[in-house]
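Notes follow once the structure below has been shown.
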Amino acid sequence: MAITACKEEKKEFLSGRINPEVFPTMMTRDVETLISDSGITRYRIISPLWLVFDEAKVPHWRFPDGLNLEKFDDLMRRDATVRCDSATYFKLEELWRLDGNVRIANVAKEKFLTNQLFWDQQNHKIYSDSFIHIEKSDRIIEGYGFVSDEQLTNYTVNNVSGIFPVSDEGPMFGGAPSGDAAAPSAADSISAVR
């Protein structure tokens, strides 16, 4: 006769606290995703690393290894392209902070270069307090401080430090400014509307 007995396995549970400020609730590598609003595709995001901190005191997404973003209009035409070394999206505020080597091109093929830029989606504006370099087809504008609409077509540069005319072979095509630098006007800002 054989007697067998079932022994209940002893289970141990470890209770530990994971700091939601440090450890993401989701980590995704080699991301390429489309984001829609009301059934219309608005953005394409490409990034080597996407960290989601949904349980943090201030819920946010981080893109520490860089971000490429394309913004589309209602007809899926590209409105703007954005590239930066790192980015943070604050979910509740609907605010993007782009850091390091921020490069944006708008529909008018103007280029915006700065070290830090904020995109406030709730108030539909883009702004920076950092140095800004704007390449237009006929001139380069440089200054400190910048405010724009989301399309980067109606903008103001504060504390203009230089306006440089560009020849046909200028910086947008790999050439140099024409050399005749215009001194900033008496006003501390310049506005551009397309």
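Rule-based calculations on the coordinates, nothing more; no lab input. This structure is a prediction, so every number in the text was calculated from the model and none was measured. As a convention, Cβ positions derive from the backbone with ideal geometry for all residues, glycine included, and neighbour counts pool all protein chains shown.
Protection proxy ranking, highest mean first, for peptides 118-130, 139-151: 139-151, 118-130, where packing is the per-residue count of other beta-carbon atoms within 10 Å, averaged.
With only the Cα atoms considered, region 103-152 has a convex hull volume of 63 Å³ per residue.
In this structure, the amide hydrogen of SER167, modeled 1.01 Å from its nitrogen in the peptide plane, lies closer than 5 angstrom to those of SER178, counting only residues at least 5 positions away or on a different chain. The phi-based Karplus calculation (6.51 cos²θ - 1.76 cosθ + 1.60; θ = phi - 60°) puts the 3J(HN,Hα) values of region 108-123 at 7, 6, 7, 10, 10, 10, 7, 8, 8, 8, 10, 10, 8, 6, 5, 9 Hz, whole numbers, x for Gly and Pro. Karplus-derived 3J(HN,Hα) values for region 77-89, using 6.51 cos²θ - 1.76 cosθ + 1.60 with θ = phi - 60°, are 8, 6, 7, 7, 10, 10, 9, 7, 6, 7, 8, 9, 10 Hz; glycine and proline are entered as x. Taking amide hydrogens as placed 1.01 Å from N in the peptide plane, the amide H of ARG42 sits under 5 Å from those of ILE35, SER36, ASP37, each at least 5 positions away in sequence or on another chain.
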